[in-house]
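The values are calculated or read from the model by the stated rules, or taken from the named source; none is laboratory data. Everything numeric in this text was worked out from a predicted model, so none of it was measured. Counting neighbours? That spans all protein chains shown, and the Cβs are built from the backbone with ideal geometry, glycine included.
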Ligand code: B12
Ligand SMILES: Nc1nc2c(ncn2[C@@H]2O[C@H](COP(=O)(O)OP(=O)(O)OP(=O)(O)O)[C@@H](O)[C@H]2O)c(=O)[nH]1
Ligand SMILES: [Mg+2]
């Protein structure tokens, strides 16, 4: 049967931050929207996340951080993807992230950042509008 | 295209990852690539790991990878999780237990969603195994979705099929008996740190002994091991049993290369024909519009579905 491409995404928790409630809720919302969601679990280094994303051929990496290390961790993921010529994989993120940092992150290649209270509907819609499964 | 084959054989991770995606998504271009990869396959040892949800399959696979790496073997892992029948989406969570191997260049882990396929695997698994094989992985570990009793696809592709149970699954073992007992080459009682593993062991032993005539003829007798995957207890011994089974296959049961086994090739070709036929027929009928017209006719009471089906299929196959 000819199947059309499915959207494949990864939800990852970088760093030592143990808050995984948000990441799990996002993973479920993505599944319920019809995406295939690879979940990495807690305590991932940027290197581990990028390697896993390449092996899994995902279209997007969603990073979750509530412990304050987002600037270093998110940007490290973006940088590594570039190094590995895999920057067709979109990076977005969420968690407790101050407005100033959001600006900085977006300037450096994180496509979007969602803060607490964002309705899941909006988060899912954003993927539908911005992520297309790879075409080639 | 040959470029892709070359890169796969050279072990290029991104190429392999993308090719498996193309297979999974049913891209027609992959057929030619798979044909060209076939001569590069037949070297890997394939192990299927199956068992009810939550018995510890992923935890076990993670430990197996660690042991095999200590022996300097390269490993590919295919981990299957179920697709939600409601949304078509899936949470692929097996990887959580294996992420410590993410950075190891000798390990390639890929999560797959069933996408409506029954049998514990995905439509794409067989070909994904071939791709890992061609890229040079020594061992390929396939974790099925938590199976019921008749989901045993993995047997067709695996040299060794491993059935994982946990203590206190009394009734479930009865269920296993009905379907998947016959297909197990090795039985593991995981979570043996919990109460009841001796009871489970004797239950299983009893059922396996019922086939004693087979073993008297020299056929493989499945060993039963108590293990604690999460504490890495019993895993080394389990891998020794896999070695014994491999030796048995090589020396007694007609060799390790499935491509030379008549029964395996028969099954495999049969399955391939089935899948391809359905694909071709449905494609043709939807493209011509005959399929939708037949649906309309059935709804309007002009024809019954049995006749409609015959009218659609017979002209194509005759
Ligand atoms: C629940 C909670 C805990 C639980 C965590 C349980 C768990 N397994 O997740 C427990 C009790 C364990 C805990 C522990 C700690 N916590 Co706490 N915790 C919270 C709390 C109250 C709520 C977090 C939560 O679950 N929210 C619900 C989820 C659904 O929301 P969310 O994660 O923000 O996700 C939403 C968005 O951010 C976004 N999003 C998030 N991730 C992603 C990812 C993607 C891809 C996308 C698209 C969107 C997205 O979408 C979601 C929906 O809108 C917050 C305070 C707060 N109001 O946020 C503090 C808070 C996060 N904790 C805090 C701290 C300091 C700690 C501790 C260090 C100790 C302490 N003082 O309590 C420990 C450390 C734990 C560890 N190992 O890291 C601080 C962090 C301060 C900081 N950023 O510097 C906070 C902000 C409290 C505070 N005001 O001080 N905590
Ligand atoms: N007590 C105990 N728990 C274990 C053991 N092995 C695994 N577990 C736990 O069992 C739970 C399920 O383990 P998984 O490896 O995810 O099980 P699974 O069979 O892959 O699960 P599915 O893929 O969802 O079907 C985890 O919390 C493991 O830590 C063990 O030997 N003893
Ligand atoms: Mg699992």
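Which of the residues belonging to segment A:34-51 are assigned to a loop (DSSP other than H, G, I, E, B) and surrounded by fewer than 20 Cβ atoms within 10 Å (Cβ to Cβ)? Of everything in segment A:34-51, those that are assigned to a loop (DSSP other than H, G, I, E, B) and surrounded by fewer than 20 Cβ atoms within 10 Å (Cβ to Cβ) turn out to be A:34, A:41, A:42, A:43, A:45.
The single condition from (1) at pLDDT 95 or above; (2) more than 16 Å from ligand 3 (Cβ to nearest atom) that residue B:47 fails is (2).
With the condition kept exactly as written, say whether any residue in segment B:69-82 is within 16 Å of ligand 2 (Cβ to nearest atom), more than 30 Å from residue B:182 (Cβ to Cβ) and either facing chain A (nearest Cβ under 9 Å) or over 16 Å from the mean Cα position of the chain (by Cα) (or both). So far as segment B:69-82 goes, no, none of its residues is within 16 Å of ligand 2 (Cβ to nearest atom), more than 30 Å from residue B:182 (Cβ to Cβ) and either facing chain A (nearest Cβ under 9 Å) or over 16 Å from the mean Cα position of the chain (by Cα) (or both). Evaluate segment B:96-105: report whether one residue or more is away from ligand 2 (no atom under 16 Å from the Cβ) and either at pLDDT below 95 or buried (at least 18 other Cβ atoms within 10 Å of the Cβ) (or both). Yes, segment B:96-105 contains at least one residue that is away from ligand 2 (no atom under 16 Å from the Cβ) and either at pLDDT below 95 or buried (at least 18 other Cβ atoms within 10 Å of the Cβ) (or both). Looking only at segment B:22-68, residues that are surrounded by fewer than 23 Cβ atoms within 10 Å (Cβ to Cβ), within 18 Å of residue B:117 (Cβ to Cβ) and within 16 Å of ligand 2 (Cβ to nearest atom) come to 1 in all.
Identify all residues within segment A:103-136 that are in a helix (DSSP H, G or I) and within 19 Å of residue A:13 (Cβ to Cβ); write none if there are none. A:105, A:120, A:123, A:127 - these are the residues of segment A:103-136 that are in a helix (DSSP H, G or I) and within 19 Å of residue A:13 (Cβ to Cβ). Is it true that some residue in segment A:57-80 is facing chain B (nearest Cβ under 7 Å) and in contact with a strand residue (DSSP E or B) (Cβ under 7 Å, 6 or more places away or on another chain)? Yes, some residue in segment A:57-80 is facing chain B (nearest Cβ under 7 Å) and in contact with a strand residue (DSSP E or B) (Cβ under 7 Å, 6 or more places away or on another chain). I need every pair where a residue in segment A:119-136 that is within 12 Å of chain B (Cβ to nearest Cβ) has its Cβ under 6 Å from the Cβ of a residue that is surrounded by fewer than 17 Cβ atoms within 10 Å (Cβ to Cβ), sequence separation at least 6 or different chains. Between residues of segment A:119-136 that are within 12 Å of chain B (Cβ to nearest Cβ) and residues that are surrounded by fewer than 17 Cβ atoms within 10 Å (Cβ to Cβ), the close pairs are A:133/A:5.
Does residue A:30 qualify as being at pLDDT 95 or above, in contact with a strand residue (DSSP E or B) (Cβ under 7 Å, 6 or more places away or on another chain) and farther than 25 Å from residue B:15 by Cα?
Values: at pLDDT 95 or above: yes; in contact with a strand residue (DSSP E or B) (Cβ under 7 Å, 6 or more places away or on another chain): yes; farther than 25 Å from residue B:15 by Cα: yes.
Spelling it out, residue A:30 is indeed at pLDDT 95 or above, in contact with a strand residue (DSSP E or B) (Cβ under 7 Å, 6 or more places away or on another chain) and farther than 25 Å from residue B:15 by Cα.
Scan segment A:74-87 and tell me whether some residue there is at positive phi and surrounded by fewer than 13 Cβ atoms within 10 Å (Cβ to Cβ). Yes, segment A:74-87 contains at least one residue that is at positive phi and surrounded by fewer than 13 Cβ atoms within 10 Å (Cβ to Cβ). I'd like the full set of residues that are farther than 20 Å from residue B:110 by Cα, out of contact with any helix residue (DSSP H, G or I) (no Cβ under 6 Å at 6 or more places or on another chain) and either outside any helix (DSSP H, G or I) or within 9 Å of chain B (Cβ to nearest Cβ) (or both), limited to segment A:3-23. A:16, A:17, A:18, A:19, A:20 - these are the residues of segment A:3-23 that are farther than 20 Å from residue B:110 by Cα, out of contact with any helix residue (DSSP H, G or I) (no Cβ under 6 Å at 6 or more places or on another chain) and either outside any helix (DSSP H, G or I) or within 9 Å of chain B (Cβ to nearest Cβ) (or both). Residue B:171 meets each of the listed conditions (1) modelled with pLDDT under 85; (2) in contact with a strand residue (DSSP E or B) (Cβ under 6 Å, 6 or more places away or on another chain); (3) in a helix (DSSP H, G or I) apart from (2).
Being in contact with a strand residue (DSSP E or B) (Cβ under 8 Å, 6 or more places away or on another chain) and within 11 Å of chain A (Cβ to nearest Cβ) is the filter; apply it to segment B:1-57 and report the residue that is farthest from residue B:279 (Cα to Cα). Walk me through how you get there before you give the answer.
The initial filter retains those residues of segment B:1-57 that are in contact with a strand residue (DSSP E or B) (Cβ under 8 Å, 6 or more places away or on another chain), namely B:13, B:16-17, B:20-21, B:24, B:44-52, B:55-57.
Right, trim to within 11 Å of chain A (Cβ to nearest Cβ) and you get B:13, B:16-17, B:20-21, B:24.
On the way: B:13: 29, B:16: 24, B:17: 24, B:20: 19, B:21: 18, B:24: 14 Å.
Step by step, filter segment B:1-57, then rank; the result is B:13.
Looking across B:177, B:191, one residue alone is part of a helix (DSSP H, G or I) and either farther than 27 Å from residue B:67 by Cβ or at pLDDT 95 or above (or both). It is B:177.
Among residues of segment B:216-238 that are within 16 Å of ligand 1 (Cβ to nearest atom), none has a Cβ under 7 angstrom from a residue that is outside any helix (DSSP H, G or I) at a sequence gap of 6+ or on a separate chain.
For segment B:266-278, which residues satisfy the criterion of being surrounded by 12 or more Cβ atoms within 10 Å (Cβ to Cβ) and either closer than 17 Å to residue B:318 by Cα or touching a strand residue (DSSP E or B) at 6+ places or on another chain (Cβ under 9 Å) (or both)? The answer is B:277, and nothing else.
So that you can scan it fast, the table gives a plain yes or no per residue for (1) buried (at least 21 other Cβ atoms within 10 Å of the Cβ); (2) closer than 13 Å to residue B:20 by Cα:
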{"site": "B:114", "(1), (2)": "yes, no"}
{"site": "B:125", "(1), (2)": "yes, yes"}
{"site": "B:136", "(1), (2)": "no, no"}
{"site": "B:146", "(1), (2)": "no, no"}
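Looking across segment B:84-115, the residues that are under 16 Å from the mean Cα position of the chain (by Cα), free of Cβ contacts under 8 Å to residues at least 60 places away in the same chain and more than 7 Å from chain A (Cβ to nearest Cβ) come down to B:94, B:114.
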